[in-house]
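Student: Have a look at the structure that comes next, please.
The values are calculated or read from the model by the stated rules, or taken from the named source; none is laboratory data. Computed from a prediction, not measured in an experiment: that's the story for all the values here. Quick reminder, even Gly has a Cβ in these numbers, built from the backbone with ideal geometry, and neighbours come from all protein chains shown.
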Amino acid sequence: MSDIIINNQPVLSKILNKIQKSNTNVQAYMLYGDSKEILRNYAIMFAKVLICPREYCDNCNKCNICRRIDNNVYGELKIVNPVNKMIKKEAVLEVKETFNTESIEGKNGVYIINDVELLNTSAANAILKFLEEPDGNSVAIFTTTNLDAVIKTISSRCQTIKINNYKVKRGIEFVMEVSGFDEETIYKIVDFTKKIEKDKAGAISNIKNEFINNFDNKDALMNALNVMLLYYKDMLNYLIRNKCFYFDVNDVKLALNNQDKDLISRKISFILENISKLEYNVNVLLFMDNLIIRIGEMNDD
């Protein structure tokens, strides 16, 4: 079993490896640090290790559970975020209702409460009762940028983990790092992705010259699809956060062409499913034809 190694996070790495190797965990964890975004990203990673029966790996493209967690459609992971700078009792009771039985798919049911210091009094009391009398095999992950503001009776029931701050890798440099392609090749993939969106028939007729000839083996094709995946994720980032993490925001915005979050999410799931199929022997030309046709059909639905 491979170790989980997270740069600049030795404590978190040690705890996640212990959970993965021994299949044991405590009932509640408290992640604290300076960046809400970093805390939330690590809370999702933590949830995957707690939930998934497979061995965790970064950017897992094979596991159905991990893909659904990434797309926020996995039913045994519940995430609570504050509304108007407050977390109310109703949100906690909804979580409790979800986890009143044993987890069916994963090793554990997990609920994440972000900015846990913003629990109001009744919500905090409900969480305390849940921690004292847990249902099923649920595990809590709390995040906070202000540990001192968290109610002590909650924090004392958690294993606290300090998350070190670091600069999140973004932009084209990140895409180059994860794909192994130079910038020119990456933008050829982006241009082809735009062609799929705007001219399905044209993309199919030019697929050999513009795509297959450049990515003619399984590894190269998988990396190309990962670039395509990041481009679609940036479309979703723009729709949800009004910003992009990897590509130019104006370029991504134009490529959206009035698509909504649901459609982009479906395309992301579809690409992830097809990346996993590349583990098997496939006819590359037929594979890409089918991918283009299906994305086009999603636009027509």
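Student: Quick one: THR153 ticks every box in (1) crowded, with 16+ Cβ neighbours inside 10 Å; (2) among the hydroxyl-bearing types (Ser, Thr, Tyr); (3) outside the structural domain of LEU285 (by TED's automatic domain parsing); (4) in a helix (DSSP H, G or I) bar one, so which box is it?
Tutor: Against the list (1) crowded, with 16+ Cβ neighbours inside 10 Å; (2) among the hydroxyl-bearing types (Ser, Thr, Tyr); (3) outside the structural domain of LEU285 (by TED's automatic domain parsing); (4) in a helix (DSSP H, G or I), THR153 comes up short only on (1).
Student: Report whether or not VAL190 is part of a helix (DSSP H, G or I), of a type in the set (A, V, I, L, M, F, W, C), in contact (Cβ under 8 Å) with a residue 40 or more places away in the chain and within 30 Å of ILE15 (Cα to Cα). Spell out the reasoning first.
Tutor: Values: part of a helix (DSSP H, G or I): yes; of a type in the set (A, V, I, L, M, F, W, C): yes; in contact (Cβ under 8 Å) with a residue 40 or more places away in the chain: yes; within 30 Å of ILE15 (Cα to Cα): no.
So VAL190 fails the test.
Residues are listed down the side, and each one gets a yes or a no for (1) of a type in the set (A, V, I, L, M); (2) surrounded by 14 or more Cβ atoms within 10 Å (Cβ to Cβ):
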residue	(1), (2)
LYS188	no, yes
LEU225	yes, yes
LYS233	no, yes
TYR246	no, yes
ASN250	no, no
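Student: Residue by residue through segment 263-285, note down the ones that are out of contact with any Phe, Trp or Tyr (no Cβ under 7 Å at 6 or more places or on another chain), of a type in the set (A, V, I, L, M, F, W, C) and modelled with pLDDT of 85 or more. Don't jump to the end; show me each part of the working.
Tutor: First, the residues of segment 263-285 that are out of contact with any Phe, Trp or Tyr (no Cβ under 7 Å at 6 or more places or on another chain): 263, 265-266, 269-270, 272-285.
Applying the additional criterion that residues be of a type in the set (A, V, I, L, M, F, W, C) yields 263, 270, 272, 275, 278, 282, 284-285.
Listed by number, the residues that qualify are LEU263, PHE270, LEU272.
Student: Okay, moving on. Which of (1) within 26 Å of the chain's Cα centre (by Cα); (2) buried (at least 19 other Cβ atoms within 10 Å of the Cβ) is the odd one out, the single condition LYS218 does not satisfy?
Tutor: It fails just one condition, (2).
Student: Within segment 267-284, track down each residue that is among the basic types (Lys, Arg) and surrounded by 17 or more Cβ atoms within 10 Å (Cβ to Cβ). First the steps, then the outcome.
Tutor: To start, the set of residues in segment 267-284 that are among the basic types (Lys, Arg) comprises 267, 277.
Selection gives LYS267 alone.
Student: Kindly indicate which of LYS36, LYS96, LYS78 is in contact with a Phe, Trp or Tyr (Cβ under 9 Å, 6 or more places away or on another chain), under 28 Å from ASP234 (Cβ atoms), modelled with pLDDT of 85 or more and of a type in the set (D, E, K, R). It would help to see each step written out before you state the result.
Tutor: Numbers: LYS36 fails: in contact with a Phe, Trp or Tyr (Cβ under 9 Å, 6 or more places away or on another chain); LYS96 fails: under 28 Å from ASP234 (Cβ atoms).
Only one candidate passes the filter, namely LYS78.
Student: On to the next question. Starting from residues that are among the aliphatic types (A, V, I, L, M) and at pLDDT below 90, keep the ones in segment 216-254 and report whichever is nearest to ASP191 (Cα to Cα). I'd like the intermediate steps shown before the answer.
Tutor: Just the residues of segment 216-254 that are among the aliphatic types (A, V, I, L, M), to begin with: 220-222, 224-225, 227-230, 235-236, 239-240, 249, 252, 254.
Next, only the ones that are at pLDDT below 90 stay: 220-222, 240, 254.
Working: ALA220: 17, LEU221: 16, MET222: 17, ILE240: 23, LEU254: 12 Å.
Of everything passing the filter in segment 216-254, LEU254 is nearest to ASP191 (Cα to Cα).
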